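Asks: I have a structure I would like to understand better, so I am pasting it below and will then ask my questions one at a time.
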């Protein structure tokens, strides 16, 4: 009940004309990012952080959150219309969405995706309201040892973001941590890894690294290929209303997608692509006609799109309540929160209740804005695809430069972004995942500080982490995540080697 | 692919050794209790070296594989990348002198003309929007951009 009272106060703030305007702008920009090829939600959110620099923190985060879930939906439009997924979570939508478009049913596919996304996102936000306060109260019992162990859970998630190679993910995690230690040591004040370069005394900032990795790196990768226009003629958009029988079938798919997306959003280390792919395969299992999947059936669009948006909203639960970013985009949102002087975690709800409930309320409003925006304007969004990439790319570069510079009015940060862009390009070429480095860059300083505080309390004894029940619980969870990830990675290595032995 | 992997993991190995050497310049234990400024970075260097060594061994144990198709960009691709990196580096060097708008105008004209292959009039219009237009927009948002010696943002 208390949560709903807070939520009502949040609605009062979120419905202020200014915040409503920023939520709408965020939804528009997010959808634009999702629609345009070559920009995923992580890169897009990072690129647009500078727009929010001078905003009041609540408005800034409302806008960034809207960009995030707007981009999740924007990716669907290109998947359905031209078979080009705007981001990884929409890949699976191409399978049936594009087939529907070829049959002249693009409108129905986009309509059911918008409705499913709205339902999934709204239910997940309702879940956030229900669990936020109990989870926060539990987390308020944390001292430094518990916080350190919790952050260790966060770090162990690096293995969950591994992609093809666990070793490469660990290396990237280590590189992110090393980057995070650059600057003045928080306890003794000694400069580390600064090489007498004055701007490095303030540490390596998060925005230039993210913009370099995701913005410049992505542009360099795309520049390798032909920059000719991406547009291809897809299905025409006509009626947005699915047929009555399609609605009946879709209801169950949307419900299953919501449940799955919400559940996966609570587990840090998963990502929205996992939610949409799992949802698609579950639908196939439940279906009476699994062979029809991929031929243009509506469940193949409704379920993954719902799961993907339910995931996007539910993933904010571990961020807001425990300070754990579960995906690269959420890690970028966490960075934006920290830049605004707000540390995600249990204290956020007690120290900045007004802020956090306004953001939660804005999620409902944002989902509604997306629904209103996307149903009638889909045709307009599709036209944006006609902008040639070589023009778009120049504007992205301009935004990168502004973003990196305006953070601290420093050309050094622009140089750092360029260096990180080159590194990002090389890492992408060599299949090193970037997400673990971003995650550890954010978590590194928090982790070091809590470890050192804990050891000061225990007079140097590491037993403090094992004798406190909550801390021990988190250590066990972290160990389980690491062992499971290593176990999952192991068989593929063994298989490869046995195959090689046979050869 | 084997040679490339060996170079990559060799570079990581060297970086790990560099991190360890740097961390040895700092206290391993703190003046208070627990780890000092060099503790974490030392062990991260060790982790980097261990992982790199393991991967190098794996690289030589596996049979050689060809590079994935399209791994090495074609001449046009390389030219485009060099243009982008060069333009960014030039903008970095000139921005404090010329100011944001003029630098970005040159930056955009060069990239749009070189990579965009648009008509001149469109190149100029787009470059003006991307330079003076964004300067005006971010000025409204109270974001400070370099003014240069001419005092022109």
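Please treat every number below as a calculation from the coordinates, not as lab data. All values derive from a computational prediction rather than experimental measurement. Because the Cβ atoms are built from the backbone with ideal geometry, glycine has one as well, and the counts that use them run over all protein chains shown.
Asks: Counting only other chains, what is the mean number of Cβ atoms within 10 angstrom of the Cβ of each residue in peptide B:39-50?
Replies: Average per residue, whole number: 4.
Asks: Calculate the translational D of the stretch B:75-140 in whole µm² s⁻¹ from Stokes-Einstein, where the hydrodynamic radius comes from the Kirkwood formula applied to all Cα pairs, the temperature is 25 °C and the viscosity 0.890 mPa s.
Replies: Once the numbers are plugged in, D ends up at 200 µm²/s.
Asks: Rounded to the nearest Å, what's the spacing between the alpha carbon centres of the stretch A:1-53 and the stretch A:102-148? Just the number, please.
Replies: About 15 Å separates the Cα centre of the stretch A:1-53 from the one of the stretch A:102-148.
Asks: For the pair residue A:419/residue B:93, report the inter-label distance in nm, with labels modelled 7 Å from Cα in the Cβ direction.
Replies: Going by the 7 Å Cα→Cβ label model, 1.8 nm.
Asks: Order of A:69, B:136 from fewest to most other C-beta atoms within 10 Å?
Replies: Lowest count first: B:136, A:69.
Asks: Still on this structure, I have one more. Take every Cα-Cα distance within the stretch A:15-156, group them into 10 Å bins from 0 onward, and report for each bin the whole-number percent of pairs it holds.
Replies: Values per bin, smallest distances first: 12, 29, 31, 22, 6, 1.
Asks: Also, I was wondering about something else. Is chain B rounded, prolate or oblate when judged by the Cα gyration tensor, a ≥ b ≥ c being the square roots of its eigenvalues, rounded requiring a/c under 1.5 and prolate requiring a/b larger than b/c? Write out the running numbers ahead of the final one.
Replies: Working: a/c = 4.17, a/b = 1.53, b/c = 2.73.
It is oblate, given that a/c is not under 1.5 and a/b is not larger than b/c.
Asks: Quote the FRET efficiency, to the nearest 0.05, computed for residue B:114 versus residue B:150 with a Förster distance R0 of 30 Å and r equal to the Cβ-Cβ distance. Intermediate results must be reported in sequence, preceding the final value.
Replies: On the way: r = 25 Å, r/R0 = 0.85.
It comes to 0.75.
Asks: Here is a further query. Just counting partner chain Cβ atoms within 10 Å, what average do the residues of peptide B:141-151 show around their Cβ?
Replies: 3
Asks: Give me the one-decimal nm value for the distance between modelled label points at residue A:466 and residue A:386, 7 Å along each residue's Cα-to-Cβ direction.
Replies: 6.8
Asks: Another question, then. If each residue of separation counts as 0.36 nm, what is the full-extension length gain between residue A:477 and residue A:20 once their alpha-carbon separation is subtracted?
Replies: 160.5 nm
Asks: Using only the alpha-carbon atoms, what does chain A span along each of its principal axes? Please give whole angstrom values in decreasing order.
Replies: For chain A, the Cα spread along each principal axis is 69, 62, 55 Å.
Asks: Give the angle, between 0 and 90 degrees and rounded to the nearest 10, that separates the Cα long axis of helix B:2-23 from the longest principal axis of the Cα atoms of chain B.
Replies: Long axis of B:2-23 versus the principal axis of chain B: about 80 degrees.
Asks: Additional query: Take every Cα pair under 8 Å in the stretch A:1-142 that's 6+ residues apart, average their separations, divide by the length, and report that relative contact order as a whole percent. Could you put the intermediate results ahead of the total?
Replies: Numbers: 169 pairs, mean separation 30.7, N = 142.
Once divided by the residue count of the stretch A:1-142, the mean separation gives 22 percent.
Asks: Give the peptides A:7-16, A:410-419, B:112-121 in descending order of average Cβ contacts within 10 Å, highest first.
Replies: Order by mean packing, descending: A:410-419, A:7-16, B:112-121.
Asks: Further, regarding this structure: What angle, in degrees between 0 and 90 and rounded to the nearest 10, separates the Cα long axis of helix A:389-406 from the longest principal axis of the Cα atoms of chain A?
Replies: 30
Asks: Taking the 0 to 90 degree range and rounding to the nearest ten, how far is the long axis of helix A:411-429 tilted relative to the main principal axis of chain A, both from C-alpha atoms?
Replies: That helix lies at roughly 60 degrees to the long axis.
Asks: For peptide A:466-474, how many partner chain Cβ atoms fall within 10 Å of a residue's Cβ, on average?
Replies: Average per residue, whole number: 0.
Asks: Let me ask something else. Quick one: if the Förster radius is 22 Å, what FRET efficiency do residue B:69 and residue B:6 give, using the C-beta to C-beta distance and rounding to 0.05?
Replies: Once rounded, the FRET efficiency stands at 0.60.
Asks: Also, I was wondering about something else. Please compute the modelled spin-label separation between residue B:122 and residue A:133, points set 7 Å along Cα→Cβ, answer in nm with one decimal.
Replies: Label at residue A:133, label at residue B:122, 5.8 nm between them.
Asks: Packing-wise, with mean Cβ within 10 Å as the measure, how do A:448-457, A:389-398 rank, highest first? Intermediate results must be reported in sequence, preceding the final value.
Replies: Details: A:448-457: 20.2, A:389-398: 21.7.
Packing order, densest peptide first, comes out as A:389-398, A:448-457.
Asks: Order the peptides A:294-301, A:426-433 from the highest to the lowest mean number of other Cβ atoms within 10 Å of their residues.
Replies: Taking the mean over residues of other Cβ atoms within 10 Å, the ranking is A:294-301, A:426-433.
Asks: Just want the ordering: A:401, A:476, from fewest to most Cβ atoms lying within 10 Å of their own Cβ.
Replies: In order of increasing Cβ crowding within 10 Å: A:476, A:401.
Asks: Would you mind ranking A:405, B:29 so that the residue whose beta carbon has the fewest other beta carbons within 10 Å leads the list? Don't skip to the answer; put the middle values down first.
Replies: Values: A:405 25, B:29 13.
Least to most surrounded, the residues fall as B:29, A:405.
Asks: Below 8 Å between Cα atoms, with a sequence gap of 6+, how large is the relative contact order for chain B in percent?
Replies: Worked out over chain B, it gives 20 percent.
Asks: Rounded, prolate or oblate: which one fits the stretch B:2-61, using the alpha carbon gyration tensor with axes a ≥ b ≥ c (rounded when a/c is under 1.5, else prolate when a/b beats b/c, else oblate)? Spell out each step's value before the answer.
Replies: Numbers: a/c = 5.97, a/b = 3.02, b/c = 1.98.
In terms of gyration-tensor shape, prolate.
Asks: Let me check against my output: what whole-number percent is the relative contact order of chain A, with C-alpha pairs under 8 Å and at least 6 apart?
Replies: Relative contact order for chain A comes out at 29 percent.
Asks: Per 0.36 nm of contour for each residue apart, how much would the distance between residue A:431 and residue A:351 grow if the chain were fully extended, relative to their Cα-Cα spacing?
Replies: 24.7 nm
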